[in-house]
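Encoded as structure tokens, the structure appears first; notes follow it.
The values are calculated or read from the model by the stated rules, or taken from the named source; none is laboratory data. Remember, it's a predicted structure, so these values are computed and weren't measured experimentally. Cβ placement follows ideal geometry from the backbone for every residue including glycine, while neighbour counts extend to all protein chains displayed. For accessibility, only protein heavy atoms count, side chains too; no ligands or nucleic acids. Shrake-Rupley method; radii C 1.70, N 1.55, O 1.52, S 1.80 Å.
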Amino acid sequence: MSFWDKLKRFFGGGDDDLDLKVREVALGFVDAGEQFSATGVASRAVGIAEPALRKEAEARLHALFERGGLPGYARTEIAGMWLYHPEGVDPRGMPGAPVPPRPPTPSASTSTSTSSSGGWKPPKERASTDPYDTSGTLTLTPEQLRERAKKIVPWRTAWIGRVDVIPPASDERTALIDRGFVLRGLLTQEDLDEIHRIGDLWLEHHDSARMAHASGKKSADEAIEARRRERAEKKAAKKAEAAKKKAARAEAIATRRATDVIFLGEGVSSQLHDRRAENERLEAFGLPVIVTPEQLAAHLGVTVPRLRWLAFHQEAAQTTHYVQFEVPKRTGGTRVLAAPKADIAAAQTTILETILAKLPLDEAAHGFVTGRSTVTNARPHQGRDLVINLDLSDFFPSVTFPRVRGVFRSFGYSPAIATILALLCTESPRRPLTYDGRSYEVAVGPRALPQGACTSPALSNLVARKLDRRLRGLATKHGLTYTRYADDLTFSATAEKRSELGMMLARMRHVIEDEGFALNPKKVRVQRKGGRQTVTGIVVNEPTKLGLPRTEVRRLRAILHAARIQGLQSQNRERHPDFRAHLAGKIAYLAMIDPARAKPLREALDACRS
């Protein structure tokens, strides 16, 4: 690169730029009233790194002086170096004047800058051509630098004592130090500019990592906070949605509780979801078409919650719908009866009247059937050679909840309605138990027909329909006659069948057990014609006449005879609340069997005083 190219690159312009730079530096000294050297001005104008540029700058300074561009200043050559100083002032006495290496020559004492002989003559070149020779640039002595430094107020600058940064050139103290570096040739202006550029960059960017970290942390904190807000909003939305769903579910449950039944206890609720009914079959039997629990509740005259309460099954309940008590058996021991309370009794009565009473029974069933009685049960067996009496063990308890539900299902009701109806008509045997200071009625067996409910006899007859059909078919096949009154089974035969008696008893037992019942072996009686033959307490020996056992009639006649003399209450040894009604009932039962024998007894009762 040529000298002029370097000059243009440095100043960004042409020759005029160098003149302006030299003039600016020189006038700075003039305004301060200081002396200066051509080398010092050149060094400040172009630096000391380019000797050729510095020489040109010195020539431009001399030309400027000759054109009168430095008013009030004279030029003197001392020690081979041109010094510019105020006119009338000896440059040798001013601070910073160079010390001549030898006595001044006469030519060196001339102080006139202009000569009549014309033109400026450059000084003799120094022997040394070292570009870093600062002997002619020390225009400020160390004492002067210190005096100027003393004028700087320390608290007005923020850079004193800082070792972690490079102070900027705009700082007063830093500018003084920079000047000392340049004047002594330790650093060039370009070096200082580069140093301060790096310092400025350091000031600008030395905190970038920390700021980036802080900014990143702030961004992370903001992101985390935004995430937290988002999660909180989602959580709040989910809570609101959950609350809404919970409210809707609670409302649906309340509506369902008011209109439907889906659970009635452990072990009995498996079919409550099935609402498939056979409406045509129900209509064929003349039964009310009931499909939903709400319709059943309306049919029974109760609300759905009330229906649920009546039908709910609990293994351990503090209150039940039955009052249990024991009564003595005629044959010894006691029988547990369960009398239904008012609410469940009303529901059972409706079921009996509107459903059970309309269902057909087998012709062999005579117990608890309208138009049939013990008399109709005994009459088919009159005058027979053999009368066989069988008794079913635990008849009502053997008719369990699944069997009762199956009865309602068989006539067309849906599994759900059949389940509820069966729960209303069955109950578990219970025993009292105290736990944690509370009394409970604990179930000790499966749900079955309670002895005391009005629906139990009709349901037992319906459950035993298949038993009746099979036993009647067996009896017809072998020439027997079969009837059943509740749990009493009666077979009668002619004399020709005596040899088949053992085989027939075995087959009867097999059929009974196959139908889910049990035969009571202690009550199997085979009555032959030579002895008294009774069916459900009625004597059937004679083919044309029924009667009560003679002991019963004689006992009744004796009571009435004594009562006529001593009064009725004297004969009330069993403490009946209404003894007259008790006797009237016995006489009415005798009249149903044998009207002729009952007539005088009724007259005797009417003649008795209380």
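Residues considered: 462, 467. Of these, the only one that is within 17 Å of residue 355 (Cα to Cα) and not small (Gly, Ala, Ser) is 462.
As a summary of the residue check, residue 426 satisfies the conditions (1) in contact (Cβ under 8 Å) with a residue 40 or more places away in the chain; (2) open to solvent by less than 40 Å² (accessible area, probe 1.4 Å); (3) not hydrophobic (A, V, I, L, M, F, W, C) except for the one numbered (1). Just one of the listed residues (146, 173, 179) is closer than 26 Å to residue 37 by Cβ, open to solvent by 60 Å² or more (accessible area, probe 1.4 Å) and touching a residue at least 24 places away in the same chain (Cβ under 8 Å), and it is 173.
Table: residues versus (1) crowded, with 19+ Cβ neighbours inside 10 Å; (2) not charged (D, E, K, R).
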residue	(1), (2)
332	no, yes
353	no, no
360	no, yes
375	no, yes
386	yes, yes
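The numbered conditions (1) open to solvent by 60 Å² or more (accessible area, probe 1.4 Å); (2) closer than 28 Å to residue 445 by Cα are all true for residue 257 except (2). Considering the conditions (1) touching a Lys or Arg at 6+ places or on another chain (Cβ under 6 Å); (2) within 30 Å of residue 523 (Cα to Cα), residue 321 is excluded by exactly one of them, (2). How many residues are open to solvent by 40 Å² or more (accessible area, probe 1.4 Å) and at pLDDT 85 or above when one looks only at the range 69-115? Result for the range 69-115: 3. Listed by position, the strands (runs of 3 or more DSSP E) inside the range 386-494 whose residues that are more than 23 Å from residue 341 (Cβ to Cβ) and among the hydroxyl-bearing types (Ser, Thr, Tyr) number at least 2 are 481-485, 488-493.
Could we say that residue 475 is within 30 Å of residue 353 (Cβ to Cβ), open to solvent by less than 20 Å² (accessible area, probe 1.4 Å) and modelled with pLDDT under 95 here? No: the conditions fail for residue 475. On the given criteria, is residue 609 in a loop (DSSP other than H, G, I, E, B), touching a residue at least 24 places away in the same chain (Cβ under 8 Å) and either among the charged types (D, E, K, R) or surrounded by 16 or more Cβ atoms within 10 Å (Cβ to Cβ) (or both)? Taking the combined requirement at face value, the residue satisfies it. Residue pairs whose Cβ atoms lie under 8 Å apart, separated by 6 or more positions or on different chains, with the first residue in the range 64-78 and touching a residue at least 40 places away in the same chain (Cβ under 8 Å) and the second open to solvent by 40 Å² or more (accessible area, probe 1.4 Å) and charged (D, E, K, R), are 64/19; 64/23; 69/23; 72/87; 73/87. For the range 494-529, the set of residues classified as open to solvent by 50 Å² or more (accessible area, probe 1.4 Å), among the charged types (D, E, K, R) and either under 24 Å from residue 382 (Cβ atoms) or modelled with pLDDT of 90 or more (or both) consists of 496, 498, 500, 507, 509, 513, 514, 523, 525, 528, 529, listed by residue number. In the range 313-356, the residue that is nearest to residue 425 (Cα to Cα) out of those that are hydrophobic (A, V, I, L, M, F, W, C) and without any contact (Cβ under 8 Å) to a residue 12 or more places away in the chain is 342. The selection criterion, being on the phi < 0 side of the Ramachandran plot and over 38 Å from the mean Cα position of the chain (by Cα), holds for residue 287.
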